[in-house]
Amino acid sequence: MNPKAISVEALTKRFGSFTAVDAITFDVAQGEIFGFLGANGAGKTTAMRMLCGLSFPTSGKATVAGFDLYKQAEKIKQRIGYMSQKFSLYEDLTVRENIRFYGGIYGLSDAAIKAKTQDMLTGLHMQSEANTLVRSLPLGWRQKLSFSVSLVHDPNIVFLDEPTGGVDPITRREFWMLIYEAAHRGTTVFVTTHYMDEAEYCNRVSIMVDGRVDALGSPQELKTRFSAEDMGEVFLKLARKAQRGDE
Amino acid sequence: MRVLRILLEKEFRQVFRNPAILRMMFMMPMVQLLIMPLAADYEVRNVRVCVVDFDHSSYSRRLVDKIGATDYFTLVDYTDSYDKGLSYVEHDEADLVLQIPASFERNLIREDKAGLFLALNAINGVKANLGGAYLRTVIGEFNQDIRLEWLQLPRTNPQPTIRISSINWFNPMMNYRFFMVPGILVILITMVGAFLSALNIVKEKEIGTIEQINVTPIRKYQFVLGKLIPFWVLGLFVLTFGLILSWLVYGIVPAGSLLTIYVFSAVYLLAVLGLGLLMSTLANTQQQAMLLSFFMMMLFILLGGLYTSIDSMPAWAQWFTKINPVSYFIEVMRMVVLKGSSLSDIKRHIGVVLIFAVALNGLAVWNYRKRS
């Protein structure tokens with residue numbers, strides 16, 4: 001087994017003359033919580049979509065969970081979970097039905113789905129909401145459910161694209177507890193966020209500016225290197241150089 | 001196949017939770033089958049005639065009585081001013097003006113020859129044409145009648161000796177609805193199938209769930225089948241409902257077997273759904289999908305032979321009907337419902353529509369991209 005969960009070398013994505021992701025290179029270790037930071041439009045989502053097999057890279061090399069991104073994309077998909085920026089559970093299905101659906105398409109057996117559903121509902125304290133339509137759940141609950149559903153098939157790596165956007169501080173903290181639990185069980189967590197307090201929770205952080213990875217290291221290292229008080233200051237020092245505006 | 005089962009389970013749940021789809025499944029057949037056959041009727045009745053009589057003779061009055069006695073004509077007015085007659089036409093109160101000249105009776109008796117003048121309101125070309133033709137027939141009969149009276153005690157039959165009797169095969173009562181209803185059933189199934197399927201995948205694109213599906217190891221054909229099968233079942237359900245309605249309301253019982261209808265419909269629905277799915281892989285929003293399928297349906301339906309006969313279309317349009325699945329289904333429906341054709345009679349139709357089905361669904365699977 002490759003001890004690296006994700007290995008990226010000079011990965012690039014161009015849309016016409018616009019280079020969204022410009023030859024990024026980094027590795028993510030197994031079981032690590034890897035923060036993927038950057039201003040809006042820096043190319044985070046595009047990079048993440050490439051790693052999930054939703055978008056073809058223009059050039060560069062990458063392996064995810066030990067499989068080649070170009071040739072073995074469908075094998076990668078069996079081993080990753082993904083939670084997109086857009087809420088992506090079915091609002092007209094109940095909590096239980098959503099879990100069953102996503103578990104089912106990853107090939108889980110009925111017994112496994114049943115056990116998973118039980119675990120998940122208990123873990124999220126949502127037993128009484130099992131048969132509620134997802135539509136009528138509050139946003140924070142939906143995001144937590146969405147995260148749990150992306151882990152339904154016990155993936156090696158989970159990609160989270162701004163999972164806590166618009167969520168209140170208490171729920172955000174609960175959400176990070178869930179992330180820690182997953183990491184503790186050995187799942188690699190690849191997460192983008194705009195909250196700098198969340199960046200402090202990560203094992204390592206990369207900061208993207210204008211499609212490039214400008215800084216990479218543990219929060220402590222970065223703070224020392226940029227002689228900053230906290231991650232917010234590090235981010236500001238880097239992101240101010242950006243040429244690209246908001247999306 | 002477990003993945004497919006899971007997909008179907010989800011799709012059916014969503015359909016039954018969507019009141020709009022359920023309402024449409026019942027409302028569309030009812031509205032289309034109850035209203036359209038009554039309105040879309042080509043038989044011309046109630047042609048409004050204004051008679052301008054300058055003669056006021058017993059013959060002119062007999063002619064007018066004869067016209068009024070048929071149920072095709074309604075006498076608007078009996079006057080002696082052509083201007084007045086024309087003003088009826090101008091105000092769209094009359095379709096025809098029949099002018100009887102002053103010397104009609106005298107000329108008829110003395111010279112064996114008389115003229116009549118007919119003015120037609122040609123804004124509604126079909127009505128003018130048919131009304132004019134009916135009126136000529138009535139006048140022709142009137143002519144025969146008076147000739148018969150004048151020839152006293154004929155040695156030989158003075159009437160023309162060729163008599164034509166006709167029999168109307170397959171639709172003996174010449175009931176226009178028998179012709180229209182099977183065609184309308186086709187339109188119904190086509191619209192339900194194409195619109196439901198075209199909107200479905202696009203909806204998942206809009207709400208973002210398709211991304212979540214695309215990061216799973218699901219196979220493209222599984223996903224497309226998972227969309228195809230539910231709407232196929234719904235389509236057959238709408239067909240059943242439509243057949244029951246046309247039996248209850250119009251007393252139409254297919255002369256051929258129901259099995260033939262269902263076999264063809266099953267294949268046909270695959271083709272229509274394939275088209276819908278293909279359109280939904282092309283479109284990015286429900287609005288685009290709607291416009292695209294509306295455009296296609298208009299072409300297919302107007303050139304499908306429901307309203308106008310394919311035989312009288314220009315050559316290029318006839319060529320188009322060869323690649324129009326709707327025209328095959330309309331033909332098959334009329335063949336089976338009215339003529340009682342069997343499966344072996346519609347072999348060719350099934351074959352062609354099957355090719356459409358395979359090609360369109362193949363394109364839909366091919367064009368559905370998990371990765372962009």
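The values are calculated or read from the model by the stated rules, or taken from the named source; none is laboratory data. Keep in mind the model is a prediction, meaning the values are calculated, not measured. Using ideal geometry, Cβ is built from the backbone for each residue, glycine included, and neighbour counts are taken over all protein chains shown.
Things to note:
- Condition broken by A:LYS61, with the remaining ones in (1) part of a strand (DSSP E or B); (2) farther than 14 Å from A:ILE6 by Cα; (3) of a type in the set (Lys, Arg) satisfied: (2)
- Hits in the range B:34-61 (condition: surrounded by 14 or more Cβ atoms within 10 Å (Cβ to Cβ) and farther than 28 Å from B:PHE179 by Cβ): B:CYS50, B:VAL51, B:VAL52, B:ASP53, B:PHE54, B:ASP55, B:SER57, B:TYR59, B:SER60, B:ARG61
- Conditions (1) at pLDDT below 95; (2) not in a helix (DSSP H, G or I); number of the one not met by A:ARG49: (2)
- Qualifying residue in the range B:345-356 (condition: touching a helix residue (DSSP H, G or I) at 6+ places or on another chain (Cβ under 8 Å), more than 14 Å from every other protein chain (Cβ to nearest Cβ), more than 17 Å from B:LEU270 (Cα to Cα) and free of Cβ contacts under 8 Å to residues at least 12 places away in the same chain): yes
- Residue in the range B:264-279 that is among the aliphatic types (A, V, I, L, M) and under 18 Å from the mean Cα position of the chain (by Cα) present: no
- The listed residue being surrounded by 20 or more Cβ atoms within 10 Å (Cβ to Cβ) and more than 7 Å from chain B (Cβ to nearest Cβ), out of A:GLY60, A:GLY103: A:GLY103
- Of the residues screened, B:GLN14 is not one that is surrounded by 14 or more Cβ atoms within 10 Å (Cβ to Cβ) and within 22 Å of the chain's Cα centre (by Cα).
- For the range A:187-207, the criterion of a residue being among the β-branched types (Val, Ile, Thr), under 13 Å from A:LEU37 (Cα atoms) and either part of a loop (DSSP other than H, G, I, E, B) or over 21 Å from the mean Cα position of the chain (by Cα) (or both) is satisfied by at least one position.
- Close pairs from the range A:217-236: first within 22 Å of A:GLU32 (Cβ to Cβ), partner part of a loop (DSSP other than H, G, I, E, B), Cβ under 6 Å, at least 6 apart: A:VAL234/A:PHE226; A:VAL234/A:ALA228
- Residue list for the range B:339-349, filter: surrounded by fewer than 19 Cβ atoms within 10 Å (Cβ to Cβ) and part of a helix (DSSP H, G or I): B:LYS339, B:LEU343, B:SER344, B:ASP345, B:LYS347, B:ARG348
- Those helices (runs of 4 or more DSSP H) of the range B:238-336 in which 3 or more residues are within 25 Å of B:ARG23 (Cβ to Cβ) occupy B:258-282, B:286-302.
- Scanning the range B:209-225 for residues that are at the interface with chain A (Cβ under 7 Å from one of its Cβ atoms) and outside any loop (DSSP other than H, G, I, E, B) yields a count of 4.
- Per-region count, the range B:1-44, residues away from chain A (no Cβ under 14 Å) and either touching a strand residue (DSSP E or B) at 6+ places or on another chain (Cβ under 9 Å) or assigned to a helix (DSSP H, G or I) (or both): 17
- Filter pass, A:GLY41 being surrounded by fewer than 20 Cβ atoms within 10 Å (Cβ to Cβ) and either at pLDDT 95 or above or within 23 Å of A:ALA199 (Cβ to Cβ) (or both): yes
- Test: residue in the range A:31-38 that is touching a residue at least 40 places away in the same chain (Cβ under 8 Å), in contact with a strand residue (DSSP E or B) (Cβ under 6 Å, 6 or more places away or on another chain), more than 19 Å from A:LEU160 (Cα to Cα) and not in a loop (DSSP other than H, G, I, E, B): no
- Every residue from the range B:357-372 that is touching a helix residue (DSSP H, G or I) at 6+ places or on another chain (Cβ under 6 Å) and either within 16 Å of B:PHE264 (Cβ to Cβ) or away from chain A (no Cβ under 14 Å) (or both): B:ALA357, B:LEU360, B:ASN361, B:LEU363, B:ALA364, B:VAL365, B:ASN367
- The condition of being of a type in the set (Gly, Ala, Ser), surrounded by 18 or more Cβ atoms within 10 Å (Cβ to Cβ) and either at pLDDT 90 or above or within 24 Å of A:LEU37 (Cα to Cα) (or both) does not hold for A:SER136.
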